[in-house]
Amino acid sequence: MISDVTTGAAQQLEGVRQCLRIEDLPSRGRVTTGGFIEYVRYPAANQAPEFSASIVDGPAGPGGRRAPAVRMMVVWHGQRTVPGVEQGVWLRVVGAISQEKGITTMYDPNYEILASKRELQDNPTIKRQVKSHLDGKATK
């Protein structure tokens, strides 16, 4: 289930497979997933506008990652930046995924920012939701 941004009511989207963890995604199809933005990539001034972000299931611990993380790329064509999408943000995305050079990729998704970097540090309720997400349970 995802929440309607305007009313907060949970709704099932037609034709969208419900997934929470990136490692559980199929190789293609419409899905709902999310995670933490590991890094963003801005296009150079002389390149076509194409903003992209790498999403992982969980943030790196103190000292960085010790092992490779399962990740997916999210790409917005025609955008040099996407408001609110920056490293460290917890994000939910809905769209079609495919494999691009062996990497799960979603182009031009609908997205919802679930928590900013500051909220992740300061809000105990959001911390519980993050833990629930990382444990593979549904979040509210």
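Within the stretch 101-129, can you find the residues that are surrounded by 12 or more Cβ atoms within 10 Å (Cβ to Cβ) and closer than 15 Å to R28 by Cβ? Answer for the stretch 101-129, where residues must be surrounded by 12 or more Cβ atoms within 10 Å (Cβ to Cβ) and closer than 15 Å to R28 by Cβ: T104, T105, M106, Y107, P109.
Among the residues making up the stretch 22-54, those that are of a type outside the set (A, V, I, L, M, F, W, C), over 15 Å from A96 (Cα atoms) and over 12 Å from the mean Cα position of the chain (by Cα) are E23, R41, Y42, P43, N46, Q47, P49, E50. Of the residues making up the stretch 82-109, just one is without any contact (Cβ under 8 Å) to a residue 60 or more places away in the chain, closer than 15 Å to M72 by Cβ and among the polar types (S, T, N, Q), namely T105. Of the residues L120, L25, L114, L134, the single one that is modelled with pLDDT under 90 and in contact with a Cys (Cβ under 9 Å, 6 or more places away or on another chain) is L25. Of all positions in the stretch 75-96, none carries a residue that is modelled with pLDDT of 90 or more, assigned to a strand (DSSP E or B), crowded, with 17+ Cβ neighbours inside 10 Å and touching a helix residue (DSSP H, G or I) at 6+ places or on another chain (Cβ under 6 Å).
The values are calculated or read from the model by the stated rules, or taken from the named source; none is laboratory data. What you see is a predicted model, and the numbers here were worked out from it, not measured in a lab. Backbone-built Cβ (ideal geometry, glycine too); neighbour counts: all protein chains shown.
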